[in-house]
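The numbers here are math on the coordinates, done by the rules we state, and not lab data. The model shown is predicted, which means the values in this text are computed figures rather than measured ones. All Cβ positions, even for glycine, are placed from backbone atoms using ideal geometry, and neighbour counts span all protein chains on display.
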Amino acid sequence: MAEKTDKLAELIKQFRALKTHEEKCAFLHHADNYQHLGAIYSVAHYPKPAAKTEETTKTK
Amino acid sequence: MPGPSPLNIAEQQVGAVAYLYGITNSGAQITMAGIDSFEFDSDELTLTWDEKQNKDTTGNVQNLTKTNFRYERALKVFPSGATRAAAANAAGETLTVTSVVIANYKVAAFNGTWRVKSGTKISLKMDDNAACDLNMERYLDATQNAALTGAAIVG
């Protein structure tokens, strides 16, 4: 339990240090972080970033 | 800075009995994972449960079925920080939390993982500190509480 709490505290510290909303969304939804931070922070506030798709059109 | 005060000056009591005064910690600073920077105003905890009345054929209650034993809690804090901007940021952060892990209260029932209920409120006043109100609950059954305070289901 103590280990779990320490991990959570560390992740929250890292999360709070992020500057932009986009960075926070990406950090929260990272596979390694979500099980911890996803229980604390609202996914309504920090939605999962859309998967990046390769640019298919190029400007000539 | 969570806790009674950064100065942490203990009150003195004189008399035949001692009272539990203020919001006290168990020896270590009170922590709230998810809400980092605040000053306490008040914290109220209520034990509650759902109750179903079962009546006999004459209409009189002959049985009470109680379920969902839980604590409900109303926490009021003043967001704070090293600067006004940090305090404003702390106020905004209270709106983004869905559960809070609280430790080191002297009254142990206040410790644990709490689900934040609907209705988190920030009050701004022209002549007073901003205040944040959080309504929370914690189920006494550990498994049930863990299930309701886990990460949101994906997909």
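List of remarks:
- Modelled spin labels at B:Ala85 and B:Tyr19, positioned 7 Å past Cα toward Cβ, are 4.3 nm from each other.
- Estimated [θ] at 222 nm from DSSP helical runs (n ≥ 4, -39500 (n - 2.57)) normalised by residues in chain B, nearest 500: -3000 deg cm²/dmol
- All-pairs Cα distance distribution in chain B, expressed in whole percent, bin size 10 Å: 9, 32, 30, 17, 8, 3, 0
- The C-alpha atoms of chain B define a longest principal axis, and helix B:84-93 lies at about 10 degrees to it.
- Distance between the range B:8-68 and the range A:18-35 - C-alpha centres, whole angstrom: 34 Å
- Efficiency of FRET between B:Lys52 and B:Ala108 - r from beta-carbon atoms, R0 41 angstrom, step 0.05: 0.90
- Among B:Ser42, B:Ile9, B:Asn135 - extreme Cα towards positive end, dipole of the protein assembly as shown, charges at beta-carbon: B:Asn135
- Fewest-first sequence of B:Thr57, B:Thr83, B:Thr149 by Cβ atoms within 10 Å of each Cβ: B:Thr57, B:Thr83, B:Thr149
- Student exercise, the range B:1-104 dipole from Lys, Arg, Asp, Glu Cβ charges, in Debye to nearest 20: 200 debye
- Under the combined filter of DSSP loop state and at most 16 neighbouring Cβ atoms within 10 Å, the range B:1-82 retains these GluC sites (Glu not before Pro): B:Glu11.
- Relative contact order of chain B, defined on C-alpha pairs under 8 angstrom at six or more residues apart (%): 23 percent
- Remark: B:Val107, B:Val116 ranked as B:Val107, B:Val116, counting other beta-carbon atoms within 10 Å and listing the fewest first.
- For the range A:1-53, trypsin sites (Lys or Arg not before Pro) are listed when DSSP marks them as loop and at most 12 other Cβ atoms sit within 10 Å of their Cβ; the list is A:Lys19, A:Lys52.
- Sites excluded, chymotrypsin sites (Phe, Trp or Tyr not before Pro) in DSSP loops with at most 11 other C-beta within 10 Å, longest stretch of chain B: B:22-155
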